[in-house]
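Enquirer: So that we are looking at the same thing, I have put the structure below in structure tokens.
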Amino acid sequence: MSEREEVQLERGYVLHQRAYKNSSQLVDCLTEGHGLVTLVAQGSRRLASGRRAMLQPFLPLRLSWLRRGELGRLTHVEFCHPLPVLSGKSLLAGYYLNELLIRLTARGDANSDVFSCYSRCLEDLDASAGKSRALRLFELRLLRGLGYALELDRDVVTGEPLTPDLMYRYEAERGPSLGSGAGYGDEQYSGRDLISLRDEVLDDDQALRSAKRLLSRLLRFYLGDRPLKTRTVLMEILGRGLAL
């Protein structure tokens with residue numbers, strides 16, 4: 001029999017919730033010290049329950065639970081302040097973050113870097129501008145936090161530092177190598193744009209488009225053949241209105 005776990009007032013966020021039995025919910029939570037955990041919120045779907053309004057995505061929470069095995073029982077939840085207010089495109093972008101985390105993070109694997117980059121991105125999305133940049137930096141930091149570090153310092157064939165004016169191809173789990181120099185093909189990136197991504201600058205539209213192209217390719221590589229639902233929904237609703 002697995003050991004009983006009792007956790008008190010752990011920082012966390014709800015990533016996803018779904019109905020469970022008659023009046024309860026299953027909530028997938030990203031937590032600071034225990035990674036991704038699934039908890040039963042007993043009775044949270046009842047009208048008289050105050051938990052339903054609290055167990056919503058993007059709200060910083062303190063969570064307590066008892067667990068033996070993979071599924072735990074939520075025993076307490078309270079807000080941490082301040083609370084972000086995501087709406088419109090920021091809200092849709094937040095759901096994209098949540099799906100990425102559920103698909104890429106291992107359950108029960110605490111990762112302070114992943115938790116930090118998620119909470120930081122929510123703060124950036126809550127701000128008034130720079131949402132595309134916030135998403136690209138989240139994708140970059142998430143891949144780094146999960147151990148899929150991008151080589152963005154040098155040509156992996158020659159060992160030479162990246163040169164801003166040269167064009168490079170980028171191979172997943174290997175890195176950049178000198179390209180043909182024949183413009184911006186789908187698999188080529190300027191050294192300037194790769195350096196901008198490495199240094200987390202991304203201060204112009206070209207660098208943001210290039211970062212999106214590269215990070216999307218790398219995420220598809222690690223996610224496999226099953227596409228992200230949020231990307232599909234966003235394409236149907238917004239067309240090209242939100243650069244995810």
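Enquirer: Do you know which residues across the range 96-109 are surrounded by fewer than 13 Cβ atoms within 10 Å (Cβ to Cβ) and of a type outside the set (Asp, Glu)?
Expert: Ala106, Arg107
Enquirer: If the requirement is being assigned to a helix (DSSP H, G or I), in the same structural domain as Leu214 (by TED's automatic domain parsing) and touching a strand residue (DSSP E or B) at 6+ places or on another chain (Cβ under 7 Å), which of these qualifies: Phe115, Phe138?
Expert: Details: Phe138 fails: touching a strand residue (DSSP E or B) at 6+ places or on another chain (Cβ under 7 Å).
Just a single option satisfies the conditions, and that option is Phe115.
Enquirer: Scan the range 21-51 residue by residue and report those that are surrounded by fewer than 17 Cβ atoms within 10 Å (Cβ to Cβ), more than 23 Å from the chain's Cα centre (by Cα) and not polar (S, T, N, Q).
Expert: Listed by number, the residues that qualify are Lys21, Gly43, Arg46, Leu47, Ala48, Gly50.
Enquirer: Further, regarding this structure: Please name all residue pairs, on different chains or six or more residues apart, with Cβ atoms under 6 Å, provided the first residue is in the range 65-80 and is on the phi > 0 side of the Ramachandran plot and the second residue is small (Gly, Ala, Ser) and part of a loop (DSSP other than H, G, I, E, B).
Expert: The qualifying pairs are Gly69/Ser2.
Enquirer: Here is a follow-up. So Ser116 passes all but one of these: (1) surrounded by 14 or more Cβ atoms within 10 Å (Cβ to Cβ); (2) of a type in the set (Ser, Thr, Tyr); (3) under 13 Å from the mean Cα position of the chain (by Cα). Which condition number does it fail?
Expert: Condition (1) is where Ser116 drops out.
Enquirer: Out of Thr31, Thr38, Thr75, which single residue is over 20 Å from Tyr95 (Cβ atoms) and either out of contact with any Leu (no Cβ under 6 Å at 6 or more places or on another chain) or not acidic (Asp, Glu) (or both)?
Expert: Values: Thr31 fails: over 20 Å from Tyr95 (Cβ atoms); Thr38 fails: over 20 Å from Tyr95 (Cβ atoms).
Unique residue meeting the criteria: Thr75.
Enquirer: From the list Tyr148, Tyr170, which one is closer than 28 Å to Asp109 by Cβ, assigned to a strand (DSSP E or B) and in the same structural domain as Tyr222 (by TED's automatic domain parsing)?
Expert: Sole residue among the options that is closer than 28 Å to Asp109 by Cβ, assigned to a strand (DSSP E or B) and in the same structural domain as Tyr222 (by TED's automatic domain parsing): Tyr170.
Enquirer: Restricting attention to the range 106-132, which residues are touching a Leu at 6+ places or on another chain (Cβ under 7 Å) and modelled with pLDDT of 95 or more?
Expert: Val114, Phe115, Cys117, Tyr118, Cys121
Enquirer: State yes or no: is Thr163 in a helix (DSSP H, G or I), surrounded by 13 or more Cβ atoms within 10 Å (Cβ to Cβ) and of a type in the set (Val, Ile, Thr)?
Expert: No: the conditions fail for Thr163.
Enquirer: If a residue must be closer than 15 Å to Ser132 by Cβ and among the hydroxyl-bearing types (Ser, Thr, Tyr), how many such residues does the range 91-106 contain?
Expert: Total meeting the criteria: 1.
Enquirer: For Ala93, all conditions in the list (1) surrounded by 15 or more Cβ atoms within 10 Å (Cβ to Cβ); (2) among the hydrophobic types (A, V, I, L, M, F, W, C); (3) part of a loop (DSSP other than H, G, I, E, B) hold save one; what is the number of the exception?
Expert: If we test Ala93 against (1) surrounded by 15 or more Cβ atoms within 10 Å (Cβ to Cβ); (2) among the hydrophobic types (A, V, I, L, M, F, W, C); (3) part of a loop (DSSP other than H, G, I, E, B), just (3) comes out false.
Enquirer: Would you point out which residue out of Val14, Val77 is surrounded by 14 or more Cβ atoms within 10 Å (Cβ to Cβ) and in contact with a Pro (Cβ under 6 Å, 6 or more places away or on another chain)?
Expert: Exactly one residue qualifies, and that residue is Val14.
Enquirer: From the set of residues in the range 186-225 that are assigned to a helix (DSSP H, G or I) and either of a type in the set (Phe, Trp, Tyr) or not assigned by TED's automatic domain parsing to the domain that holds Tyr96 (or both), which is surrounded by the fewest Cβ atoms within 10 Å (Cβ to Cβ)?
Expert: My answer is Phe221.
The values are calculated or read from the model by the stated rules, or taken from the named source; none is laboratory data. All values derive from a computational prediction rather than experimental measurement. All Cβ positions, glycine included, derive from the backbone under ideal geometry; neighbour counts span all protein chains shown.
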